[in-house]
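What follows is a set of notes on a single structure, which appears directly below.
The values are calculated or read from the model by the stated rules, or taken from the named source; none is laboratory data. On a predicted model such as this, the values are computed, not experimentally measured, just so you know. Reconstructed Cβ throughout: ideal geometry from the backbone, glycine too, with neighbour counts over all protein chains shown. These accessible areas exclude ligands, DNA and RNA; they are computed on the full protein's heavy atoms, side chains included. Shrake-Rupley method; radii C 1.70, N 1.55, O 1.52, S 1.80 Å.
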Amino acid sequence: MLVAGLGLALVALTPLPAQANATTGAAGEPVAATGGAAAPLSVTGAAADPVSATGVAAGPVGVTRTTLAADTVIPRGVTVDLVRRTMTLAAGEKRHLRGRLEATSTTTGIVGLTERIRCLDASGRTVPVVAASARNHEGSDTVTYATPGHLPLFADLLFTAPADGTYTCVLQGTAYSSLTGSYHLTAVAGKTWLEADDGDRVGAGWWQNPACESADSGGACTYVGTGPARRDAWVFYDDGTPSRKWQAHPDAVSVSAQANLELTTCYHGTASCATAMQAHPRGKNAVVDARFEFIQLGTTGHACRTHSTTARRTVTDDAHHAVGYSFLTGLPVDPACGTRDFLMRIYVKHVSGQTVKIDGVQSGVTSLTNGIAFNDFG
């Protein structure tokens, strides 16, 4: 297999029950794992993010999937619009969008792939936030994917209309590499799609972690590993993310939550990590434990009921960037807790191998690690 040095500049599944494990091993396939040790929870004084109880709560929200009709080439260095959905929304209306991009490659070499969901207003301007995920396609001869040679990526966005108007949300793909010669990736028809809610996701909440540029020349990113890196970290909790609560709607019969966690390995010579974090040569790979938690708080602001899902993740240096997807669905809101407030966080613990970077928001708009909370109205 040919390997080219990649300097990633990102510009911008099926739900599993509570306590199940959800992440990716062979690309796109869930694998079971173990979690890390718990840390004490204290969010006393965190600002509330209340949901209005006025009006009538919505019922279940339908979803429409728009599928790529024909295989579409993604040339090197070009961002290609693949699938789009246009919606007319009132100010403050929310839609959950999920994109799936499945790509094949014409080369056995390594080619970077970034998937984005970008929403535009009627004038064509991007409405923040752009959701993205990335992973290197490891070549047409790769047999470790669920379907050999076919790399699937998912991205999720909770879009909130900033004003009354018409918005077009687009699933995009970009290929990049320092390989020489002619090559391209191809988005696969029927396997590449964009889903969008048909109605308002009343009171849904969005989390994203802080700024973390690709090269991290300013040292703003969070790392877990050896040497100067932290041994563990709490995403959305102690990584500089503003502390916040999310309040379940009074009419919600249960709640659900999900999170996408993007990690990047920091091997010697990569352009995707601060130099001080590059402890090992390429090929060492990385193993981390991750635990996704959605916690109902009590009246003191501390944990009352904790729901979690755990996974052990291996991120190879060839993949270099990899996203883990976690879901907790149908969680009861316990009246004994005395509040309907929830906190979301992801515990990430280094186990072995390369230090990894926890990817964040790039260029002030593109989110690579994020979470969404939903009200379930039955």
Worksheet item: What relative contact order, as a whole-number percentage, does region 113-209 give when Cα pairs under 8 Å and 6 or more residues apart are counted?
Response: 32
Worksheet item: What accessible area per residue, rounded to a whole number of Å², is obtained for region 283-378 using a probe radius of 1.4 Å?
Response: 27
Response to the item:
Quarter of the surface of the C-alpha convex hull for region 272-364, i.e. direction-averaged projected area in nm², equals 8.2
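Determine the sum of side-chain charges near Leu82: Lys and Arg each +1, Asp and Glu each -1, restricted to other residues whose C-beta is under 15 angstrom from that of Leu82.
Residues close to Leu82 contribute a combined charge of +3.
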Item to complete: Please give, to one decimal in nm, the separation of the simple spin-label points placed at Val253 and Val365, each 7 Å out from Cα toward the Cβ.
Response: 4.1
Worksheet item: Cβ under 10 Å from Phe236's Cβ, Phe236 left aside: what net charge do those residues give with Lys, Arg +1 and Asp, Glu -1?
Response: -1
Discussion item. With the crude spin-label approximation of a point 7 Å out along Cα→Cβ, what separation in nm comes out for Ala189 versus Thr126?
Written reply: 3.0
Response to the item:
In whole angstrom, the spacing between the Cα centers of region 192-214 and region 67-85 equals 21
Worksheet entry | Thr88-Ser243 pseudo-label distance in nm [points 7 Å out on the Cα-to-Cβ vector] | 4.5
Discussion item. Sort 226-232, 339-345, 78-84 by packing, meaning the average of other beta carbons within 10 Å per residue, with the highest value first.
Written reply: 339-345, 78-84, 226-232
Worksheet entry | For region 132-184, convex hull volume per residue from C-alpha positions, Å³ | 125
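Is region 336-375 best put as rounded, prolate or oblate by its Cα gyration tensor, with a ≥ b ≥ c the root eigenvalues, rounded for a/c under 1.5, and otherwise prolate when a/b is larger than b/c, oblate when not?
oblate
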Discussion item. Within region 196-261, what whole-number % of the accessible surface is contributed by carbon and sulfur, with the 1.4 Å probe and all protein chains included in the calculation?
Written reply: 51
Item to complete: Take peptides 60-69, 171-180, 156-165 and line them up by average Cβ neighbours within 10 Å, highest first, as a rough protection proxy.
Response: 171-180, 156-165, 60-69
Worksheet item: Counting DSSP beta bridges in region 100-252, what percent are antiparallel, to the nearest 5?
Response: 95
Worksheet item: Ala69 to Ala336: FRET efficiency via 1/(1 + (r/R0)^6), r the Cβ-Cβ distance, R0 45 Å, to the nearest 0.05?
Response: 0.30
Worksheet item: Which shape class applies to region 167-295: rounded if a/c is under 1.5, otherwise prolate when a/b exceeds b/c and oblate if not, where a ≥ b ≥ c are the square roots of the Cα gyration tensor eigenvalues?
Response: oblate
Item to complete: Just order 122-129, 287-294, 267-274 by mean Cβ neighbour count inside 10 Å, highest at the front, would you?
Response: 287-294, 267-274, 122-129
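Between rounded, prolate and oblate, where does region 114-239 land on the alpha carbon gyration tensor, with a ≥ b ≥ c its root eigenvalues, rounded for a/c under 1.5, else prolate if a/b exceeds b/c?
Since a/c reaches 1.5 but b/c is at least a/b, the shape of region 114-239 is classed as oblate.
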